Amino acid sequence: MQQAATQLISQPGGAEGPPGQPVATLGNTPSGLRQQLMLIAFAIVYFALIVGPVLGVLYFQTRAGHAGNFLVSLADNFAISGFMIIVLQFVLASRTRWMESPFGMDIILRLHRVMGTLAAVLLLLHPVLLAWGRGNWGLLYKPLVPWPLEVGRLALILLLATAIMALFRVSLRMEYQRWRSSHRILALSVIVLAFVHSLIMGVGSAARPGDLWPLPLRIIWYAALPVALLAFLHRTGSVLPWLGNRNYRVQAVEAEAPGVFTVRLEPAHPGHALRHFVPGQFHFLTLQPAGREAEEHPFTISSAPDRDGVVASTIKASGDFTKEIGALKPGTAASIRGPFGRFSCLLHPEQKNLVFIAGGVGITPFMSMLRHMQRQDGGLKQRSVLLIYANRQARDILFRKELDALAATGNVRVAYVLSRPDDQWRQERGHVNADLLRRVTAGLADPAFYICGPPAMMASAATALREMGVPPARIFLEEFAF
């Protein structure tokens, strides 16, 4: 996805700015001590929901006097932990603003990926340890077993398929929309089948109580499936969609460069306007290009906050969906979900010297930031701003007239870098490496670096900065893998 870095001047309490100017606010995006407390609280609750049922089962087993078989006990607790992780996977993927805002969507996605892999490992080990502990390997391969075991087997097979597709989607060359649909169906199937299996085998009944029979554990277990389903419905916009999705329509489509278009969107109704966002944030945009089904994709917001709720995203035609962007007609229905993201200098007001490193269409979030600062009284005078903008050829440079006009004011320095320049090019050549960064940033005291562009370029720039001795705390980027 396109990514973002931003700076803006914060106004206490979300106060109105100069007459006629929009206000950018953090909204639910916390900073400082509040963010740290939210991170700690989230970690405590998250891991308590995973470990808590395990400790409860161990306590129950000890009191009941049947915790002697270590392998069987370990197998059961692996299953309990794995199931709770799967439930929380739905919560992590729900795009809930209060949960995303302290972390940033990229951190949530990485946690989702890591914990999904861990859940798959734990749940796959469950039947192996169970068969080993009971000395009955037939549990793994016998064709005729009680139906709750068959349900568990099916859940494991689907879980394995889900994990393989998620980890190796690119290698398998699965188109994003096809993978997303498959992932949803498989994930729902896994959670329902696993719940049925655990309900029969783990909870049991009054006549034959299982390890999950104690009332506190049953409450957690009975609540698990509804929580997962509600999170799933929230993710798809099926529960109170007006709280997450905003109805928009295409106002205009403007060509910026060959294969790059800015799509301007206006709210379909005044109450649906996205008036407050931090420049640099992104939204999930659903559009329906001519002749195609509606699809949802994440794009950075390239415009500054607007009182009328008009937002814009500058999109490069690089796939089946985006190649049709230029054919969008004014009035085309759209919906927006967001904003999301924490890649914003507003969270770091102490930073006075800023270096933004952009590659290709990665310039769009910086345009949002610069446009906003230009509107704010003194915004471009509060900090030193250096923009390093890398492209292949001069024709690929987006917003060049606007950037040159900003540079002419003396408030922003712009260094263009071309990897394939022609003979007339008189500015920087090559790639963004340590030598170039040392040269163009000479004299800046403790600059903070924000990187946005193609993954390879971002990784190369970050490596160069580390080679220069820049502390990790002053390197900012967001890495997404949708």
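The values are calculated or read from the model by the stated rules, or taken from the named source; none is laboratory data. Note that the coordinates shown come from a computational prediction; the quantities given were computed from them, not determined experimentally. Note that we place each Cβ from the backbone using ideal geometry, even for glycine, and neighbour counts take in every protein chain shown. These area figures cover heavy atoms from the full protein model, side chains too; ligands, DNA and RNA do not enter into them. Shrake-Rupley method; radii C 1.70, N 1.55, O 1.52, S 1.80 Å.
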For this session: Per DSSP H run of at least 4 residues, take -39500 (n - 2.57); add these up for the chain, divide by its residues and hand me the 222 nm value, nearest 500 deg cm²/dmol.
Result: -14000 deg cm²/dmol
Seminar exercise, completed: To the nearest Å², the heavy-atom accessible area per residue of the chain with 1.4 Å probe amounts to 47
For this session: May I ask you to give the percent of accessible area on the chain that is carbon plus sulfur, with a probe radius of 1.4 Å?
Result: 61
Exercise. Can you give the relative contact order of the chain as a percent, counting alpha carbon pairs under 8 Å and 6+ residues apart?
Worked result: 19
Exercise. Using r as the Cβ-Cβ distance of ALA223 and ASN69, and R0 as 35 Å, what FRET efficiency do you calculate, to the nearest 0.05?
Worked result: 0.75
Problem set entry | Selected from PRO349, SER198, VAL253, residue furthest toward positive end of dipole (the chain; charges at beta carbon) | SER198
Exercise. For ILE40 and ALA333 in one chain, what is 0.36 nm times their gap in residues minus the Cα-Cα distance, to one decimal in nm?
Worked result: 101.4 nm
Seminar exercise, completed: Subtracting the Cα-Cα distance of TYR59 and VAL192 from 0.36 nm times their residue separation yields 45.2 nm
Problem set entry | the chain: DSSP helices with Cα axial extent of at least 27 Å and average Kyte-Doolittle hydropathy no lower than 0.0 | 32-64, 70-92, 105-134, 147-167, 176-198, 215-235
